[in-house]
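What follows is a single structure, written as structure tokens, with notes after it.
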Amino acid sequence: MAIEDILRALEDKASAQIEVNQAEAEQRVAEIASEVEKDAVRTRKARLKKVEDTVRSEATAIVYSASLKAKNELIKAQEETVDEAFRMAEKRLSELHNDQGYPTILGVLLDEVLEFFDGEVVLQVRSDDRELVLKMMEQRLTPFSVSEAPLEASGGLVASSPGGRIEVFNTFESRLDRARDKLRLEISKTLFGAGAEN
């Protein structure tokens, strides 16, 4: 074999080795590119999921906030409606002393306060009710006096022991105030249904 043949054989072997190395390099480049593409896809999916989770969380917070705001506005509107019902009741009560049934109502209120006293009672009444109460007390066996100070109320009366130790308020306003919480719940149920709570 001549040197030329040896050189050709070495050259062929080197060319074959270069082709093998080049093929391996191309295969490795393809594998690396594939891994990079898979990592990129995973990263995009992870980022997309994180963004979706954030958006979902923010959307839930917005919906909850809007729902809470709407509920608060509904409760406020219901409370305003109930308050208006009380204002209407107070107005009606302030005019009740003009009703022809008022003497009967005043008589019932008078009997209720007298139940709290065994002895003498001091009555405080509206100026317009003074004569009516004096006439009513003539029919009762309880010793009494009527205060010179007129009662500032739309109707009803206040009774006290002579020393003021016991005092019973039985005015329209005091009765409405005592019943306000219970009535508020009943009005709410009537106006807004059984689930309404204020």
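The values are calculated or read from the model by the stated rules, or taken from the named source; none is laboratory data. Worth saying up front: this structure is predicted, and the values here are computed from it rather than measured. A quick note on method: Cβ atoms are made from the backbone with ideal geometry, for glycine too, and the neighbour counts reach across all protein chains shown.
Structure summary
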{"item": "Residue within segment 49-66 that is modelled with pLDDT of 90 or more and surrounded by 15 or more Cβ atoms within 10 Å (Cβ to Cβ) present", "result": "no"}
{"item": "Residue match in segment 171-191 (condition: charged (D, E, K, R) and either modelled with pLDDT of 90 or more or farther than 30 Å from L74 by Cβ (or both))", "result": "yes"}
{"item": "Evaluation of L134 against (1) over 20 Å from R175 (Cα atoms); (2) touching a helix residue (DSSP H, G or I) at 6+ places or on another chain (Cβ under 9 Å); (3) not in a loop (DSSP other than H, G, I, E, B) (one fails), failing number", "result": "(2)"}
{"item": "Unique match (being of a type in the set (A, V, I, L, M, F, W, C) and more than 28 Å from the chain's Cα centre (by Cα)) among L68, L48", "result": "L48"}
{"item": "Which numbered condition T104 fails, given (1) β-branched (V, I, T); (2) more than 23 Å from D177 (Cβ to Cβ); (3) loosely packed, with under 13 Cβ neighbours inside 10 Å", "result": "(2)"}
{"item": "Which numbered condition A159 fails, given (1) out of contact with any Gly (no Cβ under 8 Å at 6 or more places or on another chain); (2) at pLDDT below 95", "result": "(2)"}
{"item": "Selected residue (only one of V122, V108, V168 is farther than 28 Å from E80 by Cα, β-branched (V, I, T) and without any contact (Cβ under 8 Å) to a residue 12 or more places away in the chain)", "result": "V108"}
{"item": "Unique match (being assigned to a helix (DSSP H, G or I), hydroxyl-bearing (S, T, Y) and touching a residue at least 24 places away in the same chain (Cβ under 8 Å)) among T43, T60, T54, T81", "result": "T81"}
{"item": "Among residues of segment 99-131, those that are within 18 Å of P162 (Cα to Cα), assigned to a loop (DSSP other than H, G, I, E, B) and either modelled with pLDDT of 95 or more or acidic (D, E) (or both), counted", "result": "3"}
{"item": "Test: I18 is farther than 30 Å from E131 by Cα, in a helix (DSSP H, G or I) and within 20 Å of the chain's Cα centre (by Cα)", "result": "no"}
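Here is a yes/no grid of residues against (1) within 41 Å of the chain's Cα centre (by Cα); (2) among the aliphatic types (A, V, I, L, M); (3) crowded, with 16+ Cβ neighbours inside 10 Å:
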{"residue": "K91", "(1), (2), (3)": "yes, no, no"}
{"residue": "G119", "(1), (2), (3)": "no, no, no"}
{"residue": "Q124", "(1), (2), (3)": "no, no, yes"}
{"residue": "S127", "(1), (2), (3)": "no, no, no"}
{"residue": "R130", "(1), (2), (3)": "no, no, yes"}
{"residue": "P143", "(1), (2), (3)": "no, no, no"}
